[in-house]
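Take a look at the structure below.
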Amino acid sequence: MASQAYTFLQGNFAPVDQEVTVTELRVEGSIPDSLQGRYVRTGPNPIGAAGANYHWFAGSGMLHGVRLDGGRALWYRNRWVRSPEVTAALGEPAVPLADGGIFPGLGNTNIVQHAGSLWALMETSLPYEISPELDTLRSWNFGGELPWGINAHPKFDPAKGEMHVLAYGFAEPYVLYHLIDASGQLVRTEPIAVGGPVMVHDMGLTESKVVVFDLPVLFNLELAMAGTPLPFAWDPTYTPRIGVMPRTGTGADTVWVELDDPCYVYHPLNAYDDGDQVVIDLVVHPRAFDDDEFHDPSQGTPTLHRWTVDLVAGRVNDEVIDDRGQEFPRGDERIASKRHRYGYSLANSSLEALGGIGANATTSLLKHDLEIGTTIERPFGPGLIGSEFVFVPAGESAGEDEGYLMGFAYDKVRDASDLLILDAHDFGGPPVASVHLPVRVPQGFHGNWIPDQLLS
């Protein structure tokens, strides 16, 4: 692999240097009338010259959004999240910052909707509130104490409208669980003692339980003192465990179950209760941050697994669902924490493929039917490099898998990007619509479809 800094500054990893607003967008196909809202994704986009040790995970956040309404694409906007480093670089007044978080965030990892607002997230920091036009309003602590901020992957209870989220820090108990109610108020915090200062990027949530990943990627003080942007390292001696805490209980009620083999999990697809068991579908990396020279965030092939956690027997059954390299698993958020049938993920072979680097770089989308055990692969086609795709239901009464898959794809020939809308049922067919953007959207992390009615 090329050196890390070089890889993360070339191809479609390379940052863009301007904020734009485009209101004349060319569309191929037909945008469904039911899609009234905006697709917004965030990702790293360093402002100014990136240093020699630049890491993809540590770039300034930039939001990219497309507004759809009445079968039309009304605008594309990209905006830097106004972190302190961005406002300083642009010579702008700082946005209001609430108390909390270990560091001021960059907002580069995820953007979610909660309590009528958009929130740009990065772990160990507070979220930034974002306007519907993608302007940064403030950082916020939901009216409570978030000393370690929150991580980038909250889970939402579709029935209650609650936001469940973890935070991790560098002092005991190392992990905090926070509950934020439907009105956007922090109402509960529970400390959860883990074995060390682990990176807890994501979590699981069922109708009755919170799932914690206690895995061997740990904060490393020597790396931090040396100025490493992501001071975490693989520790093969650390005991890998999964913790299950009752949603009505405390951290002391967490049941810990050891895994047979060390691994790392960035992203679960979904989790649900099954009697005395918890079932979690997730992408498993054999190792992570186990690369002294380049500090690569993954080693080995990440594959889709099903972990069945038997809380009575104290063991985890590990079943490989699909052994192709993949990441960014998503499902139907309306049934999050409940038994699901379908999942969708991005297949890729390497970081270079994600960046469209090299003549043969390619990506494809995978659709998993977890009930009958099949997977369909949909190549994006020559010169198109995909990213995370999200599921959007066709309507309020639509069933699981009845709707669209939506995400950005980079077109190497045009050196620009498209917003693709695919029919989840006609998975291998042509896009329902392609919104052609006149600019490039760099490869980023996570986004969501936000219907207009969910924003205040």
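The values are calculated or read from the model by the stated rules, or taken from the named source; none is laboratory data. In this text the structure is predicted, and so the values were computed from the model without any measurement. We place every Cβ from the backbone using ideal geometry, glycine too, and count neighbours over all the protein chains shown.
Test of understanding: among GLY101, GLY105, which residue is on the phi > 0 side of the Ramachandran plot, more than 14 Å from the chain's Cα centre (by Cα) and outside any strand (DSSP E or B)? Of GLY101, GLY105, the one residue that is on the phi > 0 side of the Ramachandran plot, more than 14 Å from the chain's Cα centre (by Cα) and outside any strand (DSSP E or B) is GLY101.
Okay, residues lined up against (1) at pLDDT 95 or above; (2) surrounded by 15 or more Cβ atoms within 10 Å (Cβ to Cβ); (3) not in a loop (DSSP other than H, G, I, E, B):
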{"position": "THR375", "(1), (2), (3)": "yes, yes, yes"}
{"position": "GLU396", "(1), (2), (3)": "no, no, no"}
{"position": "GLU400", "(1), (2), (3)": "yes, yes, no"}
{"position": "TYR410", "(1), (2), (3)": "yes, yes, yes"}
{"position": "VAL413", "(1), (2), (3)": "no, no, no"}
{"position": "SER417", "(1), (2), (3)": "yes, yes, yes"}
{"position": "GLY428", "(1), (2), (3)": "no, no, no"}
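Out of the residues in segment 185-198 that are outside any strand (DSSP E or B) and in contact (Cβ under 8 Å) with a residue 40 or more places away in the chain, state the one that is surrounded by the fewest Cβ atoms within 10 Å (Cβ to Cβ). So the residue we want is GLN185. Out of everything in segment 303-333 that is acidic (Asp, Glu) and not in a strand (DSSP E or B), what residue ends up being farthest from ASP253 (Cα to Cα)? Only one residue tops the list, namely ASP323.
Name the residue that is nearest to ILE335 (Cα to Cα), counting only residues in segment 261-302 that are outside any strand (DSSP E or B) and within 17 Å of the chain's Cα centre (by Cα).
HIS267
One line per residue, one yes/no per condition, for (1) without any contact (Cβ under 8 Å) to a residue 60 or more places away in the chain; (2) within 15 Å of LYS155 (Cβ to Cβ):
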{"site": "LEU230", "(1), (2)": "no, no"}
{"site": "ASP235", "(1), (2)": "yes, no"}
{"site": "PRO240", "(1), (2)": "yes, no"}
{"site": "VAL244", "(1), (2)": "no, yes"}
{"site": "ASP253", "(1), (2)": "yes, no"}
{"site": "ASP261", "(1), (2)": "yes, no"}
{"site": "TYR266", "(1), (2)": "no, yes"}
{"site": "ASN270", "(1), (2)": "no, yes"}
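Contact map, segment 171-184: residues that are on the phi < 0 side of the Ramachandran plot and among the aliphatic types (A, V, I, L, M) paired with residues that are crowded, with 16+ Cβ neighbours inside 10 Å and in a loop (DSSP other than H, G, I, E, B), Cβ distance under 6 Å, separation 6+ or inter-chain. Pairs shown: VAL175/VAL194; VAL175/VAL200; ILE180/PHE142.
Here VAL211 passes the criteria (1) touching a Phe, Trp or Tyr at 6+ places or on another chain (Cβ under 8 Å); (2) among the hydrophobic types (A, V, I, L, M, F, W, C); (3) more than 24 Å from GLY43 (Cβ to Cβ); (4) part of a strand (DSSP E or B) except the one numbered (1). Filter segment 158-171 down to the residues that are part of a loop (DSSP other than H, G, I, E, B) and touching a strand residue (DSSP E or B) at 6+ places or on another chain (Cβ under 7 Å) and list them by number. Selection gives GLU162, PHE170.
Quick grid of which residues meet (1) touching a His at 6+ places or on another chain (Cβ under 8 Å); (2) among the basic types (Lys, Arg); (3) at pLDDT below 95; (4) over 19 Å from GLU129 (Cα atoms):
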| position | (1), (2), (3), (4) |
| --- | --- |
| GLY29 | no, no, no, yes |
| LEU35 | no, no, no, yes |
| VAL40 | yes, no, no, no |
| ASN45 | no, no, no, no |
| ALA50 | no, no, yes, yes |
| HIS55 | yes, no, yes, yes |
| ALA58 | no, no, yes, yes |
| MET62 | no, no, no, no |
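ALA271 - would you say it is on the phi < 0 side of the Ramachandran plot, surrounded by fewer than 16 Cβ atoms within 10 Å (Cβ to Cβ) and of a type in the set (Gly, Ala, Ser)? Here the answer is no, as ALA271 does not meet what is asked. In segment 326-352, the qualifying residues are those that are modelled with pLDDT under 95 and surrounded by fewer than 22 Cβ atoms within 10 Å (Cβ to Cβ), and the one that is nearest to THR303 (Cα to Cα) is SER349.
The C-beta contact set for segment 303-316 (first residue farther than 22 Å from ARG287 by Cβ and of a type outside the set (Asp, Glu), second residue loosely packed, with under 15 Cβ neighbours inside 10 Å and modelled with pLDDT under 95, distance under 6 angstrom, 6+ apart or interchain) comprises LEU311/ASP276; VAL312/ASP276. Restricting segment 135-153 to residues that are closer than 15 Å to GLY184 by Cα and among the aliphatic types (A, V, I, L, M) leaves a set whose member that is surrounded by the fewest Cβ atoms within 10 Å (Cβ to Cβ) is LEU146. Summed over segment 110-144, the residues that are farther than 26 Å from PRO229 by Cα and of a type in the set (D, E, K, R) give a count of 2. Residue count for segment 411-456 satisfying the condition of being closer than 27 Å to GLY107 by Cα and aliphatic (A, V, I, L, M): 11. One residue stands out in segment 290-325 among those that are surrounded by fewer than 16 Cβ atoms within 10 Å (Cβ to Cβ) and modelled with pLDDT under 95: the one that is nearest to ALA409 (Cα to Cα), namely THR301.
State which residue is surrounded by the most Cβ atoms within 10 Å (Cβ to Cβ) when the search covers only segment 434-443 and only residues that are within 21 Å of PRO46 (Cβ to Cβ) and in contact with an Asp or Glu (Cβ under 8 Å, 6 or more places away or on another chain). So, considering only residues that are within 21 Å of PRO46 (Cβ to Cβ) and in contact with an Asp or Glu (Cβ under 8 Å, 6 or more places away or on another chain), the one surrounded by the most Cβ atoms within 10 Å (Cβ to Cβ) is LEU437.
Here is the figure for segment 108-134: residues that are surrounded by fewer than 23 Cβ atoms within 10 Å (Cβ to Cβ) and in a loop (DSSP other than H, G, I, E, B) total 6.
When you check VAL86 against the structure, is it among the β-branched types (Val, Ile, Thr), at pLDDT 95 or above, within 17 Å of the chain's Cα centre (by Cα) and under 17 Å from GLU19 (Cα atoms), yes or no? Lay out the reasoning, then the answer.
Values: among the β-branched types (Val, Ile, Thr): yes; at pLDDT 95 or above: yes; within 17 Å of the chain's Cα centre (by Cα): no; under 17 Å from GLU19 (Cα atoms): yes.
Considered against the rule, which asks whether it is among the β-branched types (Val, Ile, Thr), at pLDDT 95 or above, within 17 Å of the chain's Cα centre (by Cα) and under 17 Å from GLU19 (Cα atoms), VAL86 comes out as no.
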